[in-house]
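K.L.:
Before we start, here is the structure in question, set down as structure tokens.
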Ligand SMILES: [Zn+2]
Ligand SMILES: [Zn+2]
């Protein structure tokens, strides 16, 4: 596969919108489609290349990942046949776009009926997103029927070859310039017809059950990202390729930390005295530890301090993000008579130097009023 960027392959600008991308892909696909370029390996390569580019750029999540990490974002992740961010399956996208103008044909080869893709929504804590986690999920599923061995035919009988499509699963229809292929309406693409359906599964080949899957949540995952488990979707039925299972991850809000990509943010209260005199405070970290930060003398509300490398883990094993701590100075409350007296005493001792912001502000207000008066007099 070439090193050209997906944008260059489609010949669109980096900020191209969905419509421009689809239109550019459509043109290339029409030009290089195998039906129009039989036995032309170069056209076929171009066709595949355009398909790959389109599969990424037409998907908001994948496009964002590509813009950020390049093609590395779609390299295979490890572990138990579990691919993250993977999903460049020409079948998916061609099915989508070609049903519009090629009648679903993918140029030769026996078309294969496919089970539906399934979606599973999974909520995880910020800590799990930070550490990554192996977990089990239970979902409703289908299991091959033991009476008919998943064939759907009553034991002792056999599914028969479909007489409409002669076992191909698809039928050809001539329409203008193109020869279209459609799923066979009689056998629903299976190529076989069951005359004597199994009594246990009514010819489905499957019975309802529950299944448990082990999944690996990679450290650093973010809300909106998804994990594809190839072949774990709906099994479909006899002679059908199972669909894929997509796990949509939602990272729950955290009591202390807010997340923005790799970085974490938290607000930390500082007492008036610490803010005035300076001192150390302890900040919790997402891994469950604590970090000390030194508050400088005269710190103000809104001051932001950075703890480098104390943010989230990176999905691609890169360096950790940062933790930003925003200070807010807490005004003392519930003062005793003695404390109030001390405050008043402090106030009497304070000169303009103690409150430069307040004094600066008063100066600005005075100039503002003076300007208004001057304008009135000039009128
Ligand atoms: Zn059965
Ligand atoms: Zn058929």
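The values are calculated or read from the model by the stated rules, or taken from the named source; none is laboratory data. These numbers come from a predicted model, not from an experiment. When we count neighbours, we look across all protein chains shown, and the Cβ atoms used for this are built from the backbone with ideal geometry, even at glycine.
K.L.:
I want to confirm something. Restricting to the stretch 295-328 and keeping residues that are surrounded by 19 or more Cβ atoms within 10 Å (Cβ to Cβ) and more than 37 Å from the chain's Cα centre (by Cα), which single residue is farthest from residue 262 (Cα to Cα)?
P.N.:
Among those residues, the one meeting the criterion is 299.
K.L.:
Also, quick follow-up: Residues of the stretch 181-197 being over 22 Å from residue 241 (Cβ atoms) and more than 16 Å from ligand 1 (Cβ to nearest atom), which ones?
P.N.:
Of everything in the stretch 181-197, nothing turns out to be over 22 Å from residue 241 (Cβ atoms) and more than 16 Å from ligand 1 (Cβ to nearest atom).
K.L.:
Which one of 24, 45, 53, 72 is surrounded by fewer than 16 Cβ atoms within 10 Å (Cβ to Cβ) and at pLDDT 85 or above?
P.N.:
45
K.L.:
Let me ask something else. Could you please find all residues in the stretch 123-148 being more than 30 Å from residue 316 (Cα to Cα) and away from ligand 1 (no atom under 16 Å from the Cβ)?
P.N.:
Hit for the stretch 123-148 is 140, nothing else.
K.L.:
Name the residue, out of 239, 233, 167, 220, that is in contact with a helix residue (DSSP H, G or I) (Cβ under 8 Å, 6 or more places away or on another chain) and part of a loop (DSSP other than H, G, I, E, B).
P.N.:
When all the criteria are applied, what remains is 220.
K.L.:
Which residue is farthest from ligand 1 (Cβ to nearest atom), if the candidates are limited to the stretch 149-163 and must be free of Cβ contacts under 8 Å to residues at least 40 places away in the same chain, surrounded by fewer than 20 Cβ atoms within 10 Å (Cβ to Cβ) and within 30 Å of residue 208 (Cβ to Cβ)?
P.N.:
The qualifying residue farthest from ligand 1 (Cβ to nearest atom) is 161.
K.L.:
A further question on this structure: Kindly list, by first and then second residue, each pair from a residue in the stretch 31-51 that is more than 14 Å from residue 177 (Cβ to Cβ) to a residue that is part of a loop (DSSP other than H, G, I, E, B) and modelled with pLDDT under 85, limited to pairs with Cβ atoms under 6 Å and residues at least 6 apart or on different chains.
P.N.:
Filtered contacts from the stretch 31-51: 34/107; 43/37; 44/34.
K.L.:
Among the residues of the stretch 285-302, write down those that are in contact with a helix residue (DSSP H, G or I) (Cβ under 9 Å, 6 or more places away or on another chain) and assigned to a loop (DSSP other than H, G, I, E, B).
P.N.:
The answer is 286, 287, 288, 297, 298, 299, 300, 301.
K.L.:
Might you let me know whether the stretch 4-16 holds any residue that is surrounded by fewer than 17 Cβ atoms within 10 Å (Cβ to Cβ), in a helix (DSSP H, G or I) and under 20 Å from the mean Cα position of the chain (by Cα)?
P.N.:
No: the stretch 4-16 contains no residue that is surrounded by fewer than 17 Cβ atoms within 10 Å (Cβ to Cβ), in a helix (DSSP H, G or I) and under 20 Å from the mean Cα position of the chain (by Cα).
K.L.:
Residues of the stretch 183-233 being within 23 Å of residue 166 (Cα to Cα), under 36 Å from the mean Cα position of the chain (by Cα) and either surrounded by fewer than 14 Cβ atoms within 10 Å (Cβ to Cβ) or within 16 Å of ligand 2 (Cβ to nearest atom) (or both), which ones?
P.N.:
183, 184, 188, 189, 190
K.L.:
Just to be sure before I move on: is residue 164 more than 18 Å from residue 241 (Cβ to Cβ), in contact with a strand residue (DSSP E or B) (Cβ under 7 Å, 6 or more places away or on another chain) and within 14 Å of ligand 2 (Cβ to nearest atom) in the structure I sent?
P.N.:
Yes; evaluated as a whole, the condition is true for this residue.
K.L.:
Could you list, ordered by first residue, the pairs with Cβ atoms under 9 Å in which the first is in the stretch 164-179 and under 17 Å from residue 239 (Cβ atoms) and the second is within 16 Å of ligand 1 (Cβ to nearest atom), at least 6 apart or interchain?
P.N.:
Going by the 9 Å Cβ cut-off, the qualifying pairs are 164/193; 167/192; 169/190; 169/192; 169/239.
K.L.:
Follow-up question, since we're still on this one. Considering (1) closer than 27 Å to residue 294 by Cα; (2) touching a residue at least 60 places away in the same chain (Cβ under 8 Å); (3) part of a loop (DSSP other than H, G, I, E, B), say which one residue 326 fails and leave the rest.
P.N.:
Unmet condition: (3).
K.L.:
Scan the stretch 142-158 and give yes if some residue there is in a loop (DSSP other than H, G, I, E, B), within 12 Å of ligand 2 (Cβ to nearest atom) and touching a strand residue (DSSP E or B) at 6+ places or on another chain (Cβ under 6 Å), otherwise no.
P.N.:
For the stretch 142-158, residues in a loop (DSSP other than H, G, I, E, B), within 12 Å of ligand 2 (Cβ to nearest atom) and touching a strand residue (DSSP E or B) at 6+ places or on another chain (Cβ under 6 Å): absent.
K.L.:
Can you pull out the residues in the stretch 335-377 that are closer than 14 Å to residue 272 by Cα and assigned to a loop (DSSP other than H, G, I, E, B)?
P.N.:
Hits for the stretch 335-377 are 335, 355.
K.L.:
Given the condition in a loop (DSSP other than H, G, I, E, B), more than 11 Å from ligand 2 (Cβ to nearest atom), surrounded by 15 or more Cβ atoms within 10 Å (Cβ to Cβ) and more than 34 Å from the chain's Cα centre (by Cα), answer yes or no: does some residue in the stretch 171-178 qualify?
P.N.:
No, there is no match, as no residue in the stretch 171-178 is in a loop (DSSP other than H, G, I, E, B), more than 11 Å from ligand 2 (Cβ to nearest atom), surrounded by 15 or more Cβ atoms within 10 Å (Cβ to Cβ) and more than 34 Å from the chain's Cα centre (by Cα).
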